[in-house]
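A.B. asks: Can you read through this structure? Questions will come right after.
The values are calculated or read from the model by the stated rules, or taken from the named source; none is laboratory data. Because the structure is a prediction, the values reported are computed rather than measured. Here the Cβ positions follow ideal geometry from the backbone for every residue, glycine too, while neighbour counts run over all protein chains shown.
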Amino acid sequence: MNSNTKKTLDDLLTTLADQLAEPGHNLMPLLRLMTRFSKYSLANQLLIYAQRPDATRVLGFRTWRNAGYIVRKGEKGIAIYAPMRIRNDTTDATDSDTRLGFHVAYLFDITQVEPLTGTAAAITTVTAPATGATTILPDVAPPAPLACLESLKTFLATEFINLVYAQLAPGHFGFTDGKTITCAAGLAPHIEFATLVHETTHSLMHFDGSRPDITTRETEAEAVTYLICEQLQLADTHLSIDYIRSYRGTTGTLRGSLERIRTTAQRLAAMLIPTPEAV
């Protein structure tokens, strides 16, 4: 990897992290982008956000062309880190004598391309070779709240997390001790689902002996809930997102939190969100 290019991208990540960690910063715009690019690494999500925060669907030049689109002249690519296998420098190296490395790849948003003349450019899903990530265009109906609930309950059972229902005080929807989630009885399905995602996040992330402060815990739980509900297109589920809208932390805690948020949301999404096959 070109050292100057790598330094430029690393500096961009550092600057962005510092900006996001400023007291009272609103993390919602970044989380919206993370929802759209949930399969990407945190570093690449941040790089896309730093260079083109309004991006919705990104692919490499050749992948767009194979799908029947052409990048318009003069458009600037979005630089990300893409994985590659590097052969070790030995005289008798074999296919197994390789290590994982990264190179800079460039993606383009759908707003930067146009259909090729004479082609029927209509794509549903496309897998980008540079990242291995799949971009899904929004023509797949999300599962209904009840179906989401059943899938989440199945996940809880596989994680040996108990679920019970009880009459709770008004405005109190649920809580967990890490082993059992108590959910308010009688909630609408979409509210119950959001509550269970929130408490599931606490159970998965915040009872492992390295328990962060309450602000960090609530920010992480609400962020994961937001990411999952946005991907499922479930409306009116965000009961309290004040922590996300007014982040209170440091650059170091933010990077750690964002990675935990990303991996936990990705883990839950793999169980809850159907992924169509790429074409």
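A.B. asks: Condition (residue is surrounded by 13 or more Cβ atoms within 10 Å (Cβ to Cβ) and either under 19 Å from residue 101 (Cα atoms) or assigned by TED's automatic domain parsing to the domain that holds residue 253 (or both)) applied to the stretch 11-31: is it met by at least one residue?
C.D. replies: Yes, the stretch 11-31 contains at least one residue that is surrounded by 13 or more Cβ atoms within 10 Å (Cβ to Cβ) and either under 19 Å from residue 101 (Cα atoms) or assigned by TED's automatic domain parsing to the domain that holds residue 253 (or both).
A.B. asks: Among the numbered conditions (1) surrounded by fewer than 19 Cβ atoms within 10 Å (Cβ to Cβ); (2) under 25 Å from residue 258 (Cβ atoms); (3) among the aliphatic types (A, V, I, L, M), tell me where residue 169 comes up short.
C.D. replies: (2)
A.B. asks: Then there's this: So which residues in the stretch 34-54 are of a type in the set (Ser, Thr, Tyr) and more than 17 Å from residue 260 (Cα to Cα), if there are any at all? Explain how you work it out, then say what you get.
C.D. replies: Keep residues of the stretch 34-54 that are of a type in the set (Ser, Thr, Tyr), which gives 35, 38, 40-41, 49.
49, the sole residue that qualifies.
A.B. asks: Let me ask you something else. From the set of residues in the stretch 70-116 that are under 21 Å from residue 57 (Cβ atoms) and in a loop (DSSP other than H, G, I, E, B), which is modelled with the lowest pLDDT?
C.D. replies: Selected residue: 116.
A.B. asks: Just checking, does the stretch 123-143 include any residue being under 22 Å from residue 39 (Cβ atoms), at pLDDT 60 or above and not polar (S, T, N, Q)?
C.D. replies: Our first condition is that a residue be under 22 Å from residue 39 (Cβ atoms); within the stretch 123-143, this holds for 123-143.
Narrowing further to those that are at pLDDT 60 or above: 143.
From what's left, not polar (S, T, N, Q): 143.
Yes, the stretch 123-143 contains a residue that is under 22 Å from residue 39 (Cβ atoms), at pLDDT 60 or above and not polar (S, T, N, Q).
A.B. asks: Residues that are without any contact (Cβ under 8 Å) to a residue 12 or more places away in the chain: find the helices (runs of 4 or more DSSP H) completely inside the stretch 186-246 holding 1 or more of those. Quick ask: steps written out before the conclusion?
C.D. replies: Details: elements: 189-205, 214-231, 242-245.
Of the helices (runs of 4 or more DSSP H) lying wholly inside the stretch 186-246, those with at least 1 residues that are without any contact (Cβ under 8 Å) to a residue 12 or more places away in the chain span 214-231, 242-245.
A.B. asks: For the stretch 196-243, what are the residues that are under 20 Å from residue 151 (Cα atoms), of a type in the set (Ser, Thr, Tyr) and either surrounded by fewer than 19 Cβ atoms within 10 Å (Cβ to Cβ) or at pLDDT 95 or above (or both)?
C.D. replies: If the condition is that a residue be under 20 Å from residue 151 (Cα atoms), of a type in the set (Ser, Thr, Tyr) and either surrounded by fewer than 19 Cβ atoms within 10 Å (Cβ to Cβ) or at pLDDT 95 or above (or both), then 200, 201, 203 are the ones that fit.
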